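Take a look at the structure below.
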Amino acid sequence: MTAQLIDGNALSKTLRAQGAERALALRERGVTPGLAVILVGDDPASQVYVRNKVRACHEAGLHSVLEHYPASLSEAELLARVAALNADASIHGILVQLPLPAHIDAQRVIEAISPAKDVDGFHVASAGALLTGLPGFLPCTPYGCMKMIESISYELRGKHAVVIGRSNIVGKPMALLLLHKSATVTICHSATANLGALTRQADVIVAAVGKRNVLTADMVKPGSVVIDVGMNRNDEGKLCGDVDFLGVREVAGWITPVPGGVGPMTITMLLVNTLEAAERAAGAG
Ligand code: NAP
């Protein structure tokens with residue numbers, strides 16, 4: 001059996017076209033949805049991510065500004081910029097690209113963002129809303145993974161989902177979103193004993209580790225849904241996920257590729273969150 005591909009590029013195209021319509025509707029009411037992206041330092045990967053985010057905003061008819069500061073920016077200066085953007089009515093979403101230089105307390109900066117503009121969904125208020133099932137901004141990567149599962153009309157209720165990874169930005173929120181859909185959720189991490197014994201029981205596996213070949217064909221139940229969040233480089237320097245794609249696709253029922261899977265969906269959900277923030281601010285949400 002060869003798994004069906006869940007194509008993040010194709011799904012993103014559809015969702016971004018819907019987003020462009022929402023942006024147009026807002027502009028017709030005199031509100032241009034705006035996203036501010038702050039980048040501190042010269043991390044090459046971060047520079048690519050922020051450029052892609054800003055470009056995707058422009059393509060969908062959103063206003064987006066990139067503020068790029070040297071790595072020497074002080075925490076106080078960054079907090080002052082966040083405060084200014086909080087007060088700027090033309091900006092509905094604020095994203096501070098992580099990682100930040102070591103002398104800046106990233107959590108303090110995230111907590112300084114107004115929860116109403118926390119389109120990355122990393123603020124403790126957003127995390128608390130997710131935990132309790134209240135409305136708030138969902139972190140873009142797990143949100144995108146859920147949209148991918150939704151796109152194949154997969155019924156999560158009563159299914160066993162295994163999330164590999166427990167970070168605050170992917171693993172934990174992913175597990176909560178699956179739980180809210182009434183899946184039975186197992187969260188695995190670096191201290192998990194016999195990962196394969198757990199993943200072999202799973203109907204849905206989300207791999208969010210950051211290591212190649214964490215999930216191989218022998219660890220997967222036939223017909224399962226495999227979502228690969230990982231972003232790694234293979235021996236040839238090419239982008240690859242956490243999943244041994246060629247092996248696992250022969251066993252799984254559905255699988256997301258890397259590249260072209262979760263990556264584009266993450267950016268798409270950032271647009272969706274920014275539109276949501278603008279609609280709420282405009283009283284249309
Ligand atoms: P992270 O903060 O480093 O978390 C990795 C998690 O994997 C940790 O919980 C860790 O466990 C667990 N882990 C490490 N080795 C393991 C093993 N051998 N078996 C089971 N679990 C193991 O990373 P992250 O920020 O969540 O990101 C995970 C991956 O997703 C990275 O490759 C990142 O680049 C990628 N990512 C992609 C997107 C996208 O848009 N496509 C977005 C965000 C992240 P402990 O907690 O015990 O250390």
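The values are calculated or read from the model by the stated rules, or taken from the named source; none is laboratory data. From a predicted model like this one, the values you see are computed outputs, not experimental measurements. For neighbour counting, all protein chains shown are included, and Cβ atoms are generated from backbone atoms with ideal geometry for every residue, glycine included. The protein model used for the area step is the full one, side chains on, heavy atoms only, and it has no ligands, DNA or RNA in it. Shrake-Rupley method; radii C 1.70, N 1.55, O 1.52, S 1.80 Å.
Table: residues versus (1) in the same structural domain as Thr199 (by TED's automatic domain parsing); (2) farther than 19 Å from Ala252 by Cβ; (3) surrounded by fewer than 21 Cβ atoms within 10 Å (Cβ to Cβ).
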| residue | (1), (2), (3) |
| --- | --- |
| Gln107 | no, yes, yes |
| His123 | no, yes, no |
| Leu130 | no, yes, no |
| Pro135 | no, yes, yes |
| Met146 | yes, no, no |
| Ile149 | yes, no, no |
| Ile152 | yes, no, yes |
| Arg157 | yes, yes, yes |
| Ala161 | yes, no, no |
*For segment 90-101, indicate whether the set of residues that are more than 30 Å from Leu215 (Cβ to Cβ), in a helix (DSSP H, G or I) and without any contact (Cβ under 8 Å) to a residue 60 or more places away in the chain is non-empty.*
no
*Exclusive hit being touching a Lys or Arg at 6+ places or on another chain (Cβ under 9 Å), farther than 30 Å from Gly253 by Cα and either part of a helix (DSSP H, G or I) or modelled with pLDDT of 95 or more (or both), set Ala25, Ala36, Ala71, Ala76*: Ala36
_Taking the conditions exactly as written (part of a loop (DSSP other than H, G, I, E, B), on the phi < 0 side of the Ramachandran plot and among the aliphatic types (A, V, I, L, M)), does Val272 satisfy them or not?_
no
_I'm trying to understand the selection: among the residues of segment 259-270, which are crowded, with 24+ Cβ neighbours inside 10 Å and over 11 Å from the mean Cα position of the chain (by Cα)?_
Gly261
*asked:* Given the options Val243, Val229, Val248, name the one that is open to solvent by less than 80 Å² (accessible area, probe 1.4 Å), away from the ligand (no atom under 12 Å from the Cβ), β-branched (Val, Ile, Thr) and not assigned by TED's automatic domain parsing to the domain that holds Ala45.
replied: Val248
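Among Ser182, Ser224, which is the only one that is among the hydroxyl-bearing types (Ser, Thr, Tyr), over 26 Å from Lys117 (Cβ atoms), open to solvent by less than 40 Å² (accessible area, probe 1.4 Å) and more than 12 Å from the ligand (Cβ to nearest atom)?
Working: Ser182 fails: open to solvent by less than 40 Å² (accessible area, probe 1.4 Å).
Answer to the check: Ser224.
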*asked:* Can you list residue pairs whose Cβ atoms sit under 6 Å apart, with the first residue in segment 155-178 being near the ligand (Cβ under 8 Å from one of its atoms) and the second being part of a strand (DSSP E or B)? Count only pairs 6 or more apart in sequence or on different chains.
replied: Ile164/Cys188; Ile164/Ala207; Arg166/Ile187; Gly171/Val163
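Yes or no: Asn194 modelled with pLDDT of 95 or more and within 9 Å of the ligand (Cβ to nearest atom)? Walk me through it before giving the result.
Working: modelled with pLDDT of 95 or more: yes; within 9 Å of the ligand (Cβ to nearest atom): no.
So Asn194 does not fit the description; no.
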_Pull out all pairs, ordered by first then second residue, where Cβ-Cβ is under 9 Å, the residues are six or more apart or on different chains, the first lies in segment 187-202 and is open to solvent by 80 Å² or more (accessible area, probe 1.4 Å), and the second is of a type in the set (Ser, Thr, Tyr) and more than 10 Å from the ligand (Cβ to nearest atom)._
Gln201/Thr186
